[in-house]
1. Taking segment 103-136 as the search range and keeping residues that are among the hydroxyl-bearing types (Ser, Thr, Tyr) and closer than 22 Å to Ile62 by Cα, which one is least open to solvent (accessible area, probe 1.4 Å)?
2. Filter segment 82-102 down to the residues that are within 25 Å of the chain's Cα centre (by Cα) and part of a loop (DSSP other than H, G, I, E, B), then identify the one that is farthest from Phe57 (Cα to Cα).
3. Working only within segment 154-188, note down all residues that are at pLDDT below 80, assigned to a loop (DSSP other than H, G, I, E, B) and among the charged types (D, E, K, R).
4. So, in segment 78-102, how many residues would count as being among the small types (Gly, Ala, Ser), surrounded by 14 or more Cβ atoms within 10 Å (Cβ to Cβ) and more than 16 Å from Asn38 (Cα to Cα)?
5. Can you tell me how many residues within segment 41-64 are of a type outside the set (A, V, I, L, M), farther than 17 Å from Thr100 by Cβ, in a helix (DSSP H, G or I) and open to solvent by less than 50 Å² (accessible area, probe 1.4 Å)?
6. Please specify each residue of segment 189-205 satisfying the condition of being within 10 Å of the chain's Cα centre (by Cα) and not in a loop (DSSP other than H, G, I, E, B).
7. Filter segment 219-240 for residues that are part of a helix (DSSP H, G or I) and open to solvent by 80 Å² or more (accessible area, probe 1.4 Å) and give the result.
8. Please enumerate the residues belonging to segment 191-215 that are open to solvent by less than 10 Å² (accessible area, probe 1.4 Å) and either among the small types (Gly, Ala, Ser) or over 23 Å from Thr67 (Cα atoms) (or both).
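The values are calculated or read from the model by the stated rules, or taken from the named source; none is laboratory data. Keep in mind the model is a prediction, meaning the values are calculated, not measured. Glycine gets a Cβ as well: all are built from the backbone with ideal geometry, and neighbour counts include every protein chain shown. Note: areas computed on protein heavy atoms with side chains; ligands, DNA, RNA excluded. Shrake-Rupley method; radii C 1.70, N 1.55, O 1.52, S 1.80 Å.
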Amino acid sequence: EQWYHRRVRGDVGIPYGASLHCKLREQEPIPNLHIMCNYNGQKIHLYDVDVVTVSIFQLQEIVMNRTGLPLGSFRLADQMGREMFSKHTCNDYGVLPGATIYVQVWKGWSDLINATLEGNIPAVQTSLDPDKAVKFYQMKVVTFLAAHLGLLELAEEMLNAGVRADEPVGYHPGKKWCSDRSDPTLHLYAVHKATEEGRLELLRLFMSRYPCSIIVQNYRGQDALAIAEEKGHTACITHINTKQSKPQVLIPELVGSPQDEDYLYRNYCLVAKMKQWHALGRDKVALLNKRNSDGSYNTKALEARKSQVLPSQSKYYV
């Protein structure tokens, strides 16, 4: 009840000797920015961002961490529908405090994403694009989103369909023309997302199917172990260290002495590299058997495959 100076004690029936309690009225904080997801109507409220200086890429990272959608599967648009590019700031687009920006996915993807959020495997399968290239990219996005949500059965279904946990989500086939090797979308892995969210069962699945996933690095130069240590997921750290501590192959000339501090890591990385090159050689045979119309070998397809299979950075090279 509000109090005014012109009121007296008798007006409200307060007896002599009564105790009065003073309470502060709390006002709910006002968000500095709103982000609306067009595919399901979810709204993200941001309170601790400076609308003047925040970059679009920082907002894209926030959307990825909140929704689980990998970079490249969505774009941000202002209230006028203009696409907002990562190298600019909100101030460049005239976004004011309290404004709303929108998350837009690829046309026709809303049903697929909503089915993934529900963990509905049959609905996901029926929502995939008939085009093979787009379909495979969609399955990578679904795997990444399943890693975020902890959907083990859905992730396993995608792996059975051909998705690899040691390959990045990459570009949409409609943007394959982009050759910027520094683009973060080239270094987003489902195994890292599972580690970041502490999804131990998914981490076990990815590492058991594809041991190479232990050495791939994200766009910040972090592998799965570094991400687990940063997030403080003890169970994930223990599992990764246990996996690395199992001797795989003993080649002293390549992995050094067992007394070396990083001996076990180098040992495991060597085996992972060998398996990567095995996969590359297998794909090379398949690709070279497919010749171009002039009879030459399809070397461009091989180089494209090589850039996807082998990570651009690694702690050790063999």
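1. Residues of segment 103-136 among the hydroxyl-bearing types (Ser, Thr, Tyr): 110, 116, 126-127.
Cutting the leftovers down to closer than 22 Å to Ile62 by Cα gives us 110, 116.
Details: Ser110: 45, Thr116: 2 Å².
Only one residue fits best here, namely Thr116.
2. Filtering segment 82-102 down to residues within 25 Å of the chain's Cα centre (by Cα) leaves 82-90, 100-102.
Add one more test, that the residue is part of a loop (DSSP other than H, G, I, E, B), and what stays is 82, 85-88.
Values: Arg82: 16, Phe85: 8, Ser86: 4, Lys87: 7, His88: 8 Å.
Across segment 82-102, the extreme among qualifying residues is Arg82.
3. Here is the first cut: in segment 154-188, the ones at pLDDT below 80 are 174-186.
Next cut, assigned to a loop (DSSP other than H, G, I, E, B) only: 176-183.
Result: Lys176, Asp180, Arg181, Asp183.
4. We begin by selecting, within segment 78-102, every residue among the small types (Gly, Ala, Ser); these are 81, 86, 94, 98-99.
Subset that is surrounded by 14 or more Cβ atoms within 10 Å (Cβ to Cβ): 86, 99.
Add one more test, that the residue is more than 16 Å from Asn38 (Cα to Cα), and what stays is 86.
Here the count works out to 1.
5. Residues in segment 41-64 being of a type outside the set (A, V, I, L, M), farther than 17 Å from Thr100 by Cβ, in a helix (DSSP H, G or I) and open to solvent by less than 50 Å² (accessible area, probe 1.4 Å): 1 in total.
6. Passing the criteria: Ala190, Val191, His192, Lys193, Ala194, Glu196.
7. Going residue by residue through segment 219-240, those that are part of a helix (DSSP H, G or I) are 224-231, 234-240.
Once the filter is applied, which keeps residues that are part of a helix (DSSP H, G or I) and open to solvent by 80 Å² or more (accessible area, probe 1.4 Å), segment 219-240 yields Glu229, Glu230, Lys231, Thr234.
8. Answer for segment 191-215, where residues must be open to solvent by less than 10 Å² (accessible area, probe 1.4 Å) and either among the small types (Gly, Ala, Ser) or over 23 Å from Thr67 (Cα atoms) (or both): Ala194, Met207, Cys212, Ser213, Ile214, Ile215.
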